[in-house]
Amino acid sequence: MRAWENYIRKVVPYVPGEQPKIADVIKLNTNENPYPPSPKAVEASEHFDYDRLRLYPDPEASLLVEAIADRYALDKNQVFVGVGSDDVIAMAFMTFFNSELPILFPDVSYSFYSVWADLFRIPYKKVELDEEFNIVPESFNVPNGGIIFPNPNAPTSVYLGLDKVEEIIKNNQDSVVMVDEAYIDFGGKSAYELINKYDNLLVIQTYSKSRSMAGMRIGFAMGNAKLIKALNDVKFSYNSYTMNETSLVYGSEAMKDEEYFKECVDKIIATREQAKEKLTALGFTYPDSKANFIFAKHERVQASVIFEELKKRNIFVRYFKQPRIDNYLRITVGTDAQMDKLFEALEEIISNN
Ligand SMILES: *Cc1c(COP(=O)(O)O)cnc(C)c1O
């Protein structure tokens, strides 16, 4: 072993869902939106002035920040943007989680949280969800160096009412509380309206799910001006130009297209509600989803078996071999046509096993 090998940062990386390279797959494994990005973003791409790529982009990302601020009726100093919410959350961990006390997040949650905590040497403790996978607000009432949870939670799909979210923020005013709202647009109520009431609240959202632009990599945080300035200070100490010119232009256009956004979200919600009924008929149970995915287990057939059988038929869903959830499948809500194919396959798999 070479001496320098002792000085490599030791990390166990997050494993993202598979992006299969074969054609004709039904991809219900990473919670992407089955519908295309806003036609306004597509139109902006058609008129994009490629000479702009010679120049550095605006380091303040003003075009995008202003479009987001307008949409949420905020001041532009209350909005921070990053390269997907993963970048925003990583930056927020670096900025706000510097206490000696452990940060807290649910035991069943987005598995990237512990990866970032390890990467940045942040101590952490997991708090338990109840039997039905609900977040228990009181479980956060212990000394901590910060709090993060997704709402709705992933991969469980369970939504926590805004009154309970507020309870967590209110009871932890000495810590920054981050609400990761990757799925909030599919039926939940965002906590962003509380940012003027609580200076310790940071709400994080993304273009990757409800806005059909996972490939563009845009995420954003909403919080009071002091939190946003702290985030920008860290960003400008790390990489001034996180947002490329195309994200600024397409992202700001997409944010202005409220009508198309609502139309897509409503279609996904309608498909989800139908899927719930069909899953029940096939012998699946699941917590009530307010996200664009359903977290389901079958009364008889093992999740791992269904997962492999679906894969053989080129249908990809997500399976986590983890405590408490190793008999569940996380199924992204696709188009009605994709879901029909999924249910055809599920019927066959269940009757054969
Ligand atoms: C998808 C997801 C993210 C990350 O999304 P980006 O594509 O990086 O914006 C963050 N948190 C949760 C809970 C997610 O499911």
For a quick check of your reading of the filter: which trypsin sites (Lys or Arg not before Pro) in region 165-256 sit in a DSSP loop and have no more than 13 other Cβ atoms within 10 Å? LYS197
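Which of the trypsin sites (Lys or Arg not before Pro) found in region 98-169 are in a DSSP loop and have at most 14 neighbouring Cβ atoms, other than their own, within 10 Å?
Numbers: sites: ARG121, LYS125, LYS126, LYS164; in loops: ARG121.
Sparse-neighbourhood loop trypsin sites (Lys or Arg not before Pro): ARG121.
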Residue-averaged [θ]222 nm for the chain, counting only DSSP H segments that reach four residues, each worth -39500 (n - 2.57): -11000 deg cm²/dmol
Can you run phi through the Karplus equation (6.51, -1.76, 1.60; θ = phi - 60°) for region 128-139 and list ³J(HN,Hα) in whole Hz, with x for Gly and Pro? 7, 6, 6, 4, 8, 6, 7, 6, 9, x, 5, 5
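Structure shown: which of LYS125/LYS229; LYS10/LYS126; LYS235/LYS290 lie over 26 Å apart, alpha-carbon to alpha-carbon? Provide the component values of the computation, followed by the final result.
On the way: LYS125/LYS229 28 Å; LYS10/LYS126 21 Å; LYS235/LYS290 32 Å.
The pairs that break the limit, which is 26 Å between Cα atoms, are LYS125/LYS229; LYS235/LYS290.
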How much of the accessible area of region 195-353, probe 1.4 Å, is carbon plus sulfur, in whole percent? 48
In whole Hz, what ³J(HN,Hα) sequence does region 272-279 give by Karplus (6.51, -1.76, 1.60; θ = phi - 60°), x for Gly and Pro? 4, 5, 5, 4, 4, 5, 5, 5
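With a probe of 1.4 Å, find how much accessible area the chain has per residue, and write the answer as a whole number in Å².
Dividing the accessible area of the chain by its residue count gives 47 Å².
How far, in nm, would the chain grow between GLU263 and ARG9 when pulled straight, counting 0.36 nm per residue and subtracting the alpha carbon separation? Can you show the working numbers first?
Numbers: separation 254, 0.36 × 254 = 91.44 nm, distance 4.54 nm.
My answer for the length gained is 86.9 nm.
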Qualifying trypsin sites (Lys or Arg not before Pro) in region 1-54, DSSP loop, other Cβ atoms within 10 Å at most 14: ARG2, ARG9, LYS10, LYS21
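What's the longest piece of the chain with no exposed GluC sites (Glu not before Pro), counting a site as exposed if DSSP puts it in a loop and it has at most 13 other beta carbons within 10 Å? Walk me through the numbers before you get to the answer.
Working: sites that count: GLU18, GLU100, GLU128, GLU131, GLU132, GLU299.
Between the exposed loop sites, the longest stretch runs 133-298.
Per 0.36 nm of contour for each residue apart, how much would the distance between VAL115 and GLU308 grow if the chain were fully extended, relative to their Cα-Cα spacing? Before the final figure, lay out each step's value.
Details: separation 193, 0.36 × 193 = 69.48 nm, distance 2.67 nm.
The span from VAL115 to GLU308 would gain 66.8 nm if fully extended.
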What are the ³J(HN,Hα) values, in whole Hz, obtained from phi via the Karplus relation 6.51 cos²θ - 1.76 cosθ + 1.60 with θ = phi - 60°, for each residue of region 229-241 in sequence order, with x given for Gly and Pro? 5, 4, 4, 5, 4, 5, 4, 6, 9, 10, 7, 5, 10
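The values are calculated or read from the model by the stated rules, or taken from the named source; none is laboratory data. Note that the coordinates shown come from a computational prediction; the quantities given were computed from them, not determined experimentally. Positions of Cβ are generated from backbone atoms using ideal geometry, with glycine treated the same way; all protein chains shown enter the neighbour counts. All accessible areas refer to the heavy atoms of the entire protein, side chains included, with ligands and DNA or RNA removed. Shrake-Rupley method; radii C 1.70, N 1.55, O 1.52, S 1.80 Å.
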